[in-house]
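Take a look at the structure set out below.
The values are calculated or read from the model by the stated rules, or taken from the named source; none is laboratory data. Bear in mind that the values here come from a model prediction, so they are computed numbers and not experimental data. With ideal geometry, Cβ positions are generated from the backbone for all residues, glycine too; neighbour counts draw on all protein chains shown.
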Amino acid sequence: MIPAATAKYDWILAITTIAFIISAFGNGANDVANAYATSVAARTLNMATAGVLAIFTEFIGAVAMGSRVTDTIKNGIINIDRFEGKPGALMLAMGCAEIGSATWLMFATKMGWPVSTTQTIVGALVGVGFASQASISWGWADGSVSQVAASWGIAPLVAAGFSAIIFGTLKYSVLERVDSFKWAMRLIPLYLAMTGAILALFIVVEAPTAPSLEEFGAGKAAGIIVGVFFGCLLVAYVFFMPYFKRRLIHKDGRIKFYHIPLGPLLLRENPPLYFPGKGDNVVISYYEDSYGENMDSALFSPEIKPRKKHVEPVERFLDPVRDLSWANPQKWLGYLKWILLQGVTRDVITHDSPELRAIHARAHRYDDRVEHLWTYCQVVSAMMMSIAHGSNDVANAVGPWAAVYSTYNAGVVETEAPTPIWFLIVAGLLLGLGFWFYGYHIVRALGNKITQMSPTRGFSVELGAAITVLLASRLGLPVSTTQCLTGAAMGVALMNYDLGAVNWKQLAFIFGGWVLTLPCAALVSGLICLMALNAPHL
């Protein structure tokens, strides 16, 4: 039974719920793209594969690890004491914050502007704080605006440092050594195992059953991580190395990734293959530009043929059925495919900018076979980045909605109640769907537009950013994954030791979005809240 004090405000709950759906969708469209942008730009994953992975990884991150930061967003930015005894006013304020966040996220995504969803919701809460005359937590304390704002400046630099170190290690241990492919084959098992161990580390420290590492036990955590490392190392040698040798050394075009489980059987002269692949290319060109040229990497793999022209969704799904009658099921099927698949069938990789082509030409290029080896590490690092995003940024949409929902059910101001798990489930699904249908705008903006991307670079960017985001999530700091990934991309780009290999105009464009996000979100939510609180009524 809903208490009488809040039962009459069911319309606020309904509007906030709608705004929450849009906000979570926009969050996925704008921020989930961060996790997979470099993988798509490096041609490690296509948009459809990344979209499927995103739905699962965002869901896991949101449901398993998202509650800690949700509490910061829900009651750490503005002083809830202002609404004591006025549950309806709190519901209205949080609802306006959700509306302001959803509005700005959808607008920014439509414009192709990769903004911080964390800044968006914090700005929206600041706006309703001003409108309701609630005191805003500016001082340096847990969950305060200043602490969150400090993380916006620090996090990109920390991510840049982590990514530069990771890529620098890879660069000098493999990429720029004589016979880099030989060294890559020697070291790839260690990198696969290290990536798996880091993933295990953060799953352990973020597990809901371990609110603190001390409580879980450092010895137990270390044992799990070491065990995962050697387990992954064993899997790499038993299953991955025979696959790599058959595909890259023997250049067997029939071998595909789904043959990895065959393991040692692939070392036979004529291995028993199920569903053998067709085609001559064993690797693709990871440096092919929009003009269909392989550029310098073709020197290492001259057998690689240029890709075919990408077919856009309208040409692929609508043009073949445009002249058919609506009575024909094929026309309905064509339009249904366009609705469901147009977000993951667009070209978000190539470009036709001579200026951007010149920037890419200044980046060092490496053996395509070596780059291919790191695609497997990059997929794992991208998934870890996505899990990190789900754990950290689910709060941006769920926090205000959770406050409205708990207050509505309690009949009094209630922001300390635990976030219901089904909130995180719904939000996790919406994050993935937002990327699937609408994330192509941001993938296009964050991919190859900052620097020339490749699997080794993308792996370093994603791993460095994931480490930064998950550390921040552990500390309860709602940092921006956009800023972490942008900083990480800049750190890797600077490892070319050439300022001209970085697209500073694109970085300035992204930085401009960061500057505008907080005041714009605050203005939208603050104006709506101010008008609603002061509206005349009968």
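When you check Ser297 against the structure, is it in contact with a Phe, Trp or Tyr (Cβ under 8 Å, 6 or more places away or on another chain), closer than 30 Å to Leu356 by Cα and modelled with pLDDT under 80, yes or no? Even if it seems obvious, please write down each step before you answer.
Numbers: in contact with a Phe, Trp or Tyr (Cβ under 8 Å, 6 or more places away or on another chain): yes; closer than 30 Å to Leu356 by Cα: yes; modelled with pLDDT under 80: yes.
Yes; evaluated as a whole, the condition is true for this residue.
Within this structure, Lys251 passes the test of being at positive phi and surrounded by 14 or more Cβ atoms within 10 Å (Cβ to Cβ).
Lys309 meets the conditions (1) exposed (fewer than 13 other Cβ atoms within 10 Å of the Cβ); (2) within 27 Å of Thr57 (Cβ to Cβ); (3) modelled with pLDDT under 90 in every case but one. The failed one is (2). The one condition from (1) in contact with a Ser or Thr (Cβ under 8 Å, 6 or more places away or on another chain); (2) surrounded by fewer than 22 Cβ atoms within 10 Å (Cβ to Cβ); (3) in the same structural domain as Phe437 (by TED's automatic domain parsing); (4) part of a helix (DSSP H, G or I) that Glu414 does not meet is (4). With a requirement of 1 or more residues that are surrounded by 13 or more Cβ atoms within 10 Å (Cβ to Cβ), modelled with pLDDT of 70 or more and among the hydrophobic types (A, V, I, L, M, F, W, C), the helices (runs of 4 or more DSSP H) lying completely within the stretch 135-216 that satisfy it span 145-170, 180-206.
On the stretch given as the stretch 1-27, residues that are within 15 Å of Phe423 (Cβ to Cβ) and among the small types (Gly, Ala, Ser) total 3.
With respect to Ser101, determine if the residue is in contact with a Pro (Cβ under 8 Å, 6 or more places away or on another chain), part of a helix (DSSP H, G or I), modelled with pLDDT of 80 or more and of a type in the set (Ser, Thr, Tyr). Yes. The single residue among Val515, Val492 that is touching a residue at least 12 places away in the same chain (Cβ under 8 Å), within 28 Å of Gly61 (Cα to Cα) and not basic (Lys, Arg) turns out to be Val492.
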